[in-house]
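> Please see the structure below; I have some questions.
Computed from the coordinates by the stated procedures, all read-outs in this text should not be read as laboratory data. All of these numbers come straight from a predicted model, not from anything done at the bench. As a convention, Cβ positions derive from the backbone with ideal geometry for all residues, glycine included, and neighbour counts pool all protein chains shown.
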Ligand SMILES: [Ca+2]
Ligand SMILES: [Ca+2]
Ligand SMILES: [Ca+2]
């Protein structure tokens, strides 16, 4: 079972690997001779690995792998999340950990303020309510809290985040918020709405979100997946946005 995937050069050889996480495992996949191969895997979780992103947060040329691991609180009712930072040097080593007293909808790495350093955006909430976006900086590989902002009206949960570079900063894609995918740009400590896309109202819930660049045009492409509850099919959407 795989819960999330990311892409990063974890060994610093100049070629990207695919990182996949399952319930307890991290996999590294290589592409060679027209095939994807599992090069390595390891079981490391104490709880459940839910979300992954990767980037070189300390600038040493190797991408760190950052995973949100969900576990039950001692009371057995609410959830806690460990944000675990791994480095790969033949094996995965845990380099740092950040304990959060919340469930994490998604996490996303990017340079949202354009200062050349990577930040981490983490949506935090509970069963129903959420929408609190914590922004963390890194001291070396150790995440530290910078600020947090509510990014939805009425504390709606956000289960999909994605970042993409536009005009020397990373724009944050969030979804869905009341049937919309929204694009936000950090200004100071506020996330300002720069664009929004209505998902077709019949399409159901957002199950994945990825922002990519448009080639030859100034803008972004939103790739996302939706599925209606109880239906055995889903839709993948590709939406170009220009002019912001
Ligand atoms: Ca590599
Ligand atoms: Ca690194
Ligand atoms: Ca930054």
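> Using a Gaussian network for the chain with springs between C-alpha atoms less than 10 Å apart, which of these wobbles most: 58, 115, 195?
Maximum fluctuation in the GNM of the chain, among the listed residues, is at 115.
> To continue, here is another question. Distances longer than 24 Å among the Cα atoms of region 17-119: what percent of all pairs is that? Before the final figure, lay out each step's value.
Values: 1472 of 5253 pairs.
Cα-Cα pairs of region 17-119 separated by over 24 Å account for 28 percent.
> Still on this structure: Rounded to the nearest 0.05, what FRET efficiency do residue 91 and residue 210 give with R0 = 25 Å and r taken as the Cβ-Cβ distance? Could you check?
Working: r = 29 Å, r/R0 = 1.16.
It comes out at approximately 0.30.
> To make sure I understand, if each residue's beta carbon is the centre and we count other beta carbons within 10 Å, what order do 27, 136 fall in, fewest to most? Could you put the intermediate results ahead of the total?
Numbers: 27 17, 136 22.
Going from sparsest to densest Cβ surroundings: 27, 136.
> While we're on this one: Please find the FRET efficiency linking residue 192 to residue 117, where r is the Cβ-Cβ separation and R0 is fixed at 25 Å, and quote it to the nearest 0.05. Provide the component values of the computation, followed by the final result.
On the way: r = 21 Å, r/R0 = 0.82.
Working from the Cβ atoms, E equals 0.75.
> Related question: Between 142, 94, 154, where does the largest GNM mean-square fluctuation fall for the chain, given springs only between Cα atoms within less than 10 Å?
154
> Also, quick follow-up: Would you kindly compute the Cα radius of gyration of region 38-196 and its largest Cα-Cα separation (Dmax), both in Å?
When restricted to the Cα atoms of region 38-196, Rg and Dmax are 15.5, 46 Å.
> When 211, 100 are ordered from fewest to most other Cβ atoms inside 10 Å of their Cβ, what list results? Walk me through the numbers on the way to the answer.
On the way: 211 24, 100 16.
The most exposed by this proxy come first: 100, 211.
> GNM, the chain, Cα, under 10 Å: largest mean-square fluctuation among 197, 174, 122?
Sorting by GNM fluctuation, first place goes to 197.
> Could I ask something else about it? Which of 158, 28 comes first, and how do the rest follow, when ranked by fewest Cβ neighbours within 10 Å?
Lowest to highest Cβ neighbour count: 28, 158.
> Compute the Cα gyration tensor for region 140-244, then decide on rounded, prolate or oblate, letting a ≥ b ≥ c be the square roots of its eigenvalues: rounded whenever a/c is under 1.5, prolate when a/b is larger than b/c in the other cases, and oblate in all that remain.
Details: a/c = 1.84, a/b = 1.28, b/c = 1.44.
Because a/c hits 1.5 or more and a/b fails to exceed b/c, region 140-244 counts as oblate.
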